[in-house]
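Please read the structure below before turning to the comments.
The values are calculated or read from the model by the stated rules, or taken from the named source; none is laboratory data. The structure presented is a predicted model; accordingly, all values stated were derived computationally and were not measured. Here the Cβ is made from the backbone with ideal geometry for all residues, glycine too, and neighbour counts use every protein chain on show.
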Amino acid sequence: MLPRAHRLTSGAEISSVIRHGRRYRIPHGTVHLWITSEPNAVRAAFVVGKPVGNSVARSTVARRLRHGFAPLISMTPPGSRVVVRVFEGSHALSSTEWTEHLRTALTAMSAVLMPAAPPAVAQDGDGS
């Protein structure tokens, strides 16, 4: 389960992540990632609209997403804000499938937004 401290709850915060964040398309949804300069905890929200199904189906998808995202918190850069928007047909995916899709998206976006440091140049000790 995703701890309360890691949830985005304000509609304004969710809108700003969607507006300013980087977008990555996954099967049955879109992941928005915005890395802020604040060293706060990673926070996430899941947008599951009516096209997904009735309230039971939407709640099931949201629960699977929260369960699937929880183990990925440690691999997400500190201060990140994540919003996952799901599309029609997503009710068939399991928590494991969501975890894999989210891991792929976060890995790809983190690599683009936070490129690795260039390799250090080895010095041979002769001063030149």
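With respect to the conditions (1) at pLDDT 85 or above; (2) more than 22 Å from Pro3 (Cβ to Cβ), Ser90 falls short on a single one, namely (1). Scanning the stretch 8-31 for residues that are surrounded by 13 or more Cβ atoms within 10 Å (Cβ to Cβ) and modelled with pLDDT under 85 yields one hit, Leu8.
Taken over the stretch 73-89, the criterion of being in contact with a strand residue (DSSP E or B) (Cβ under 9 Å, 6 or more places away or on another chain) and of a type outside the set (Gly, Ala, Ser) is satisfied by Ile73, Thr76, Pro77, Pro78, Arg81, Val82, Val83, Val84, Arg85, Val86, Phe87. Scan the stretch 103-114 and tell me whether some residue there is at pLDDT 85 or above, part of a helix (DSSP H, G or I) and more than 10 Å from the chain's Cα centre (by Cα). Scanning the stretch 103-114, I find at least one residue that is at pLDDT 85 or above, part of a helix (DSSP H, G or I) and more than 10 Å from the chain's Cα centre (by Cα), so the answer is yes.
From the set of residues in the stretch 74-103 that are surrounded by fewer than 17 Cβ atoms within 10 Å (Cβ to Cβ) and of a type in the set (A, V, I, L, M, F, W, C), which is farthest from Ser10 (Cα to Cα)? Going through the qualifying residues, I end up with Ala92.
Do we have Trp34 as modelled with pLDDT under 90 and assigned to a strand (DSSP E or B) here? Yes. Among the conditions (1) of a type in the set (Gly, Ala, Ser); (2) at pLDDT below 85; (3) outside any helix (DSSP H, G or I), the only one that Ala44 does not satisfy is (2).
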